Amino acid sequence: MTGRARRILTRAPLGAVCALLAGGITAFASPAASAAEVRAGAAEAAAFAVPPHRIINRNSYKCLDVKYDDTGVAAIHPVKTYVVQRRCDHRRYSQIWTGDYYGGNEYLVRHGYSDKCLDVTGAYDAYLVLHYCDHYRVTQRWHITGVGNGDHVFYNPATDMCMGVYHSDRKDGAYVVTEYCDKYKKNQRWFAGRA
C-alpha cells in the first residue's frame, strides 16, 4: 500500500468521526432544531472532513489552488505559498485538499500535494498561504460552517475573518484572502467537488 493510499484510508474514518461530532455540535448549538436539520448540518459541516476533494468557489466556479511560478509548476515555497483560485482541472494535484478535524468545530485545511496547511498572513485582505501544519498555530484553524445548498463559509477565529476571493474576481490566479464575513457574498461561499 502506498503512503498516499494509507493516508487516505486512515483519514477516511476520521471523516466519519467528524460527521458524528458535527452532528453533536449542531444539536448542542441549536437545541430546538429538528432531527432533519441536525442531520443536514452534520453532513454539511463534515463534507470537508472526508478526503480528498476540491474546494470550489460559488462565485467563480473555480478551484482553490496554489500560485504557480513562470514555468507552470506549482511554486511550493519552503516557508509559504500563496493560495489562489484556478479553473478546476482533474489533472492538477495542487487542487486536492483534505480537512483534518482539530477539535470543537475547528479544522485544519491540508493541501493534498504539499501536505501543508491553509494559513493566514494577517487580518483584513490578508493573503492566504500554505505553511507547515502546526496544530498550535491558531491562524491555521478554520470553522467550516454549512450555509445551505451545499455551500460553506470558512471562518478563521484568530483573525475574525472569512476566506474569500479578492474583490470577487473571477479570473484564474485571483488571490484568496481574508474578508469581513458575509455568508451572502458568493465569493466567500465554497463547496466540495470530486477529486
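Every number here is computed from the coordinates shown, using simple stated rules; none is lab data. Only a predicted model underlies this, so the values are computations on that prediction, with no experimental measurement involved. Using ideal geometry, Cβ is built from the backbone for each residue, glycine included, and neighbour counts are taken over all protein chains shown.
Highest mean packing first, where packing is the average number of other Cβ atoms within 10 Å per residue, the peptides 120-128, 98-106, 58-66 line up as 58-66, 98-106, 120-128.
For segment 122-195, which trypsin sites (Lys or Arg not before Pro) are in a loop by DSSP, counting at most 16 other Cβ atoms within 10 Å?
Numbers: sites: 137, 141, 170, 171, 183, 185, 186, 189, 194; in loops: 137, 170, 171, 183, 185, 189.
Here the sparse-neighbourhood loop sites are 137, 170, 171, 183.
With 0.36 nm allotted per residue and the present C-alpha distance subtracted, the residue 102-residue 123 stretch has 5.4 nm of extension available. Backbone N atoms of segment 80-105 closer than 16 Å to the 7 Å Cα→Cβ label point of residue 195 belong to residues 89-101. Each 10 Å bin from zero up to the one holding the largest Cα-Cα distance in segment 53-194 carries the following percent of pairs: 13, 49, 34, 4, 0.
Across segment 149-188, how large is the tail of the calculated P(r) beyond 17 Å, expressed as a percent of all Cα pairs? The calculated P(r) of segment 149-188 puts 27 percent of pairs beyond 17 Å.
Near the amide H of residue 96, within less than 5 Å, lie the amide hydrogens of 112, 113, all on another chain or at least 5 residues away, with H placed in the peptide plane. The simple Förster model, with R0 at 30 Å and r as the Cβ-Cβ distance, assigns residue 89 and residue 136 a FRET efficiency of 0.30. Amide H contacts of residue 84: 65, 66, 67, 176, each under 5 Å away and 5 or more positions distant or on a separate chain (H built 1.01 Å from N in the peptide plane; Pro and chain starts excluded).
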